[in-house]
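In what follows, a structure is listed as structure tokens, so that the remarks can point back to it.
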Amino acid sequence: MTYCVGLLLKAGIGLLSDTRTNAGVDNISTYRKMFTFEVPGERVIAIMAAGSLSVTQATIARLREAIDDPEATSDTSIMLAHNMLDVVTIIGNTLADVRAEVDLKLAATHQQASASMIVAGQRRGGEMRLYLIYPEGNFIAATEDTPFLQIGEHKYGKPILDRVVRPDTSLSDGQKAALLSMDSTLRSNLSVGMPLDLAVIPADRCEIGTLKRIERDDPQFRAVSDAWARTLREGFARIEL
């Protein structure tokens with residue numbers, strides 16, 4: 001399984017994903033689940049994926065092929081699409097097509113493949129957007145009422161996001177909330193694991209401001225995790241029944 005979270009804030013977009021893929025307790029691997037595309041100053045797009053690795057890898061490969069196609073158009077390439085709505089439509093259609101093809105191959109074994117994606121980005125002159133694409137290719141957008149989206153093992157990391165994240169949350173605090181959301185998930189679910197991939201896209205710059213791989217021994221992540229655990233213990237001790 002996996003856990004990916006995206007925040008849509010007035011100050012920008014924050015994205016965080018794990019890298020663990022497992023097919024049983026004795027078959028655990030590390031695969032990147034965050035993919036970025038940008039022409040700095042013109043457009044920036046980030047995709048995070050959860051679910052069947054065969055579906056997500058094939059979807060990303062087809063999107064890359066469409067970008068590199070010399071006959072690419074605004075209807076086929078996410079780097080030529082007129083706006084983020086067109087971008088997410090292209091990605092959703094590609095995901096649905098790949099999933100249908102994989103399902104057809106798995107039909108003889110009575111199995112199905114499923115995958116979902118979070119898509120974030122901005123083009124010059126447009127608004128920042130954050131979308132969740134379902135396995136069928138349809139999608140929803142983050143709003144001011146719900147300024148974050150999650151895929152994968154989202155239940156453990158959702159409470160802190162519900163309590164903390166608002167549209168006017170700073171990028172620094174948003175990054176902190178995402179890291180603590182991931183920390184809670186790592187502690188409660190063995191199917192989510194490090195290293196992590198972090199991306200921050202400041203508003204209206206149309207480029208990635210931060211792109212970082214966080215390893216298990218990362219001192220900043222360890223300090224945030226330890227401080228959160230200590231704060232929870234101290235707060236718990238102060239509550240009286």
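Working only within the range 99-147, note down all residues that are over 15 Å from the mean Cα position of the chain (by Cα) and among the hydroxyl-bearing types (Ser, Thr, Tyr). The answer is THR109, SER114, THR143, THR146. Picking from residues in the range 135-178 that are in contact with a strand residue (DSSP E or B) (Cβ under 6 Å, 6 or more places away or on another chain) and of a type in the set (Phe, Trp, Tyr), the one that is surrounded by the fewest Cβ atoms within 10 Å (Cβ to Cβ) is PHE139. Being more than 29 Å from LEU63 (Cα to Cα), of a type in the set (Ser, Thr, Tyr) and not in a loop (DSSP other than H, G, I, E, B): is that true of SER116 here? It is false that SER116 is more than 29 Å from LEU63 (Cα to Cα), of a type in the set (Ser, Thr, Tyr) and not in a loop (DSSP other than H, G, I, E, B).
Determine, yes or no, whether ALA58 is at pLDDT 95 or above, over 25 Å from ARG205 (Cβ atoms) and either within 15 Å of the chain's Cα centre (by Cα) or surrounded by fewer than 21 Cβ atoms within 10 Å (Cβ to Cβ) (or both).
Yes.
Just checking, does the range 9-20 include any residue being under 20 Å from ALA115 (Cα atoms), outside any strand (DSSP E or B) and at pLDDT below 95? Checked the range 9-20: at least one residue is under 20 Å from ALA115 (Cα atoms), outside any strand (DSSP E or B) and at pLDDT below 95. Of all the criteria given as (1) within 29 Å of VAL39 (Cα to Cα); (2) among the polar types (S, T, N, Q); (3) touching a residue at least 24 places away in the same chain (Cβ under 8 Å), the one not satisfied by THR146 is (3). All of (1) assigned to a helix (DSSP H, G or I); (2) closer than 27 Å to ASP168 by Cβ; (3) of a type in the set (Lys, Arg) hold for LYS105 with one exception: (2).
Which ones in the range 102-120 are of a type outside the set (Lys, Arg) and either loosely packed, with under 14 Cβ neighbours inside 10 Å or free of Cβ contacts under 8 Å to residues at least 24 places away in the same chain (or both)? Result: ASP103, LEU104, LEU106, ALA107, ALA108, THR109, HIS110, GLN111, GLN112. Only strands (runs of 3 or more DSSP E) whose full extent lies in the range 143-241 are considered here, and the ones with at least 3 residues that are at pLDDT 95 or above, out of contact with any Pro (no Cβ under 7 Å at 6 or more places or on another chain) and among the hydrophobic types (A, V, I, L, M, F, W, C) are 148-152, 196-202.
The values are calculated or read from the model by the stated rules, or taken from the named source; none is laboratory data. These numbers were taken from a predicted model, which means no experiment stands behind them. Counting neighbours? That spans all protein chains shown, and the Cβs are built from the backbone with ideal geometry, glycine included.
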